[in-house]
Amino acid sequence: LRTGLKTEQITASTFLKCLCYAKRTEEAVNVLLHGMSELGCVPNAISYSIVLKSLCKNSMSQRALDLLFQYQGVDPDVVTYNSIIDGLCKARAMDKAELVLRQMVDKGVQPNTHGRSKEAAEIFYSMTAKGHKPNAASYRILLNGYATEGCFADMIDLFNSMESNGFVSDCHVFTILIDAYAKRGMMDEAMLIFTEMWEKGVSPDVFTYYTVIAALCRLGRLADAMDRFNEMTDMGVQPNTVVYHSLIQGFCMLGDLVKAKELVSEMMNKGIPRPDIAFFSSIINSLCKEGRVMDAQDIFELVISIDERPDVITFNSLIDGYGLIGQMDKAFGVLDAMVSAGIEPNVVTYSSLLDGYCRNGRIDDALILFREMPRKRIKPNTVTYGIILDGLFRAGRTVAARKMFNEMIEGGIPVSISIYNIILGGLCRNNCADEAITLFQKLGAMNVKFYIITLNTMINAMFKVRRREEANDLFAAISASGEGKYRENIELLPAKYQFFNGFG
């Protein structure tokens, strides 16, 4: 209802989705063309899009094309057009695909490629072969497709073709090329295009400068980034929020907080909103993941100094960072500061503290803290139990791990594939290979997909207990199916996989 649609339209759209999902697309077409009027509503862009996409998905592109031309009073969106063009290209109906593309452009819908530059190129060159002269928009669409997919040779060939056919490249075109190289760290090539842009008398705009500056910052080339920043201001191009954000993040990651704070002040003096706490929390989290916790702490102090209020994510990131480097006293110091600031710790906070204890072999301290959680009205989740289970197995406490897993099941905590991977690995490390193999086979019978590292662990365990035939069979199954099949990360297993009352 918040979308502004009438109840009848919402109901009809849901019904259409159900029919299409059940592959009853012709019935959906009938409902669209005739049945919706009985519900007292007129088909809109959403209802047409549902049916059109289903037709294309089921290789009925011609039917979709016929339906497209029956549109009355509503305009398809870019996703709908893309679905039809994609279906027609797959059916090798390039003339019809070109027709749809022309209608799309005529109606003011901006095309995109999104991984379909080959199809876009076929339509483009089909048009030119028939004597249709592409316009600047057509060139930009295909250029952007090549750029997005990293097809640099095709991109440059098209760029040269564009100029040889009399089209003058504008700032937008040059920015597409620069961005393609810059996003892949190919700054020499990006700067050559940037220089060529100047030589041809095309002035970069704020988006061009942002593209270059952001890429230089990602590569740690802050001096070069500042050169471009100063150049743009000298040229009268006003930096926007994202330009400042790139530079501030770059200097924070470099550890130059004086310059970062200077840029924050400059933003505020110009009336540009300063970075919010989510921005700084992201930087703090990145630094902590890299083990640069002291640098993260410095950013935290910078946040305080500019009167920005840290949130639960900021504190949790620091706690996790200190746990990662084994400084649990400081982690709890952050917890105290968090509570003093009036921010309630959550399950992520406690999971980070538990992980810090377990990483550093302090399983008893972890268990004490774990038992405190209910008293703090914080319920452990799947991740929390995974941390404790892993800690118990690493400490060689398989009996306690079994009890903890049973407690998890009885508490109704969802069991993820990660939990079973922890259990299988833990059992194998603690000379319980036969038990691990039994559990593995039960799960395998239900077609549960494991991480490849777990499969390797199970093969080693089978060899260790002289169950060579089973090990060879598992190895053969992996080879036959391909590694990719076993890399699926199924976070929460369906209920039918959660029937175990424990293991052992």
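Numbers for the structure displayed
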| quantity | calculated |
| --- | --- |
| Rounded to whole Hz, the Karplus (6.51, -1.76, 1.60) HN-Hα couplings of segment 220-237, x for glycine and proline | x, 8, 5, 5, 5, 4, 5, 4, 5, 4, 5, 4, 5, 5, 5, 7, x, 8 |
| Most to least packed among 23-32, 371-380, 228-237, 312-321 [average Cβ atoms within 10 Å] | 312-321, 23-32, 228-237, 371-380 |
| Span from the segment 426-442 Cα centroid across to the segment 244-271 one, whole angstrom | 53 |
| Residue-by-residue Karplus 3J(HN,Hα) for segment 339-354, coefficients 6.51, -1.76, 1.60, Hz, glycine and proline x | 5, 4, 7, x, 9, 6, x, 10, 5, 5, 4, 5, 4, 5, 5, 4 |
| Packing-based ranking, highest mean first, of 185-192, 416-423 given that Cβ atoms within 10 Å are counted | 416-423, 185-192 |
| J(HN,Hα) series, segment 456-465, from Karplus relation 6.51 cos²θ - 1.76 cosθ + 1.60, nearest Hz, glycine and proline x | 4, 4, 5, 4, 4, 5, 5, 5, 4, 9 |
| Amide hydrogen neighbours beyond the local backbone of residue 415, cut-off 5 Å, H modeled | 493 |
| Distance between modelled label sites at residue 368 and residue 258, nm, 7 Å Cα→Cβ extension | 4.4 |
| Highest to lowest packing among 241-254, 330-343, scored as the average C-beta count within 10 Å | 241-254, 330-343 |
| Principal axis dimensions, largest first and in whole angstrom, of segment 339-457 by Cα | 50, 27, 25 |
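We did not get these values from a lab; they are worked out from the coordinates using the rules stated. Every value quoted in this text rests on a predicted model; they were computed, and no experiment measured them. We place every Cβ from the backbone using ideal geometry, glycine too, and count neighbours over all the protein chains shown.
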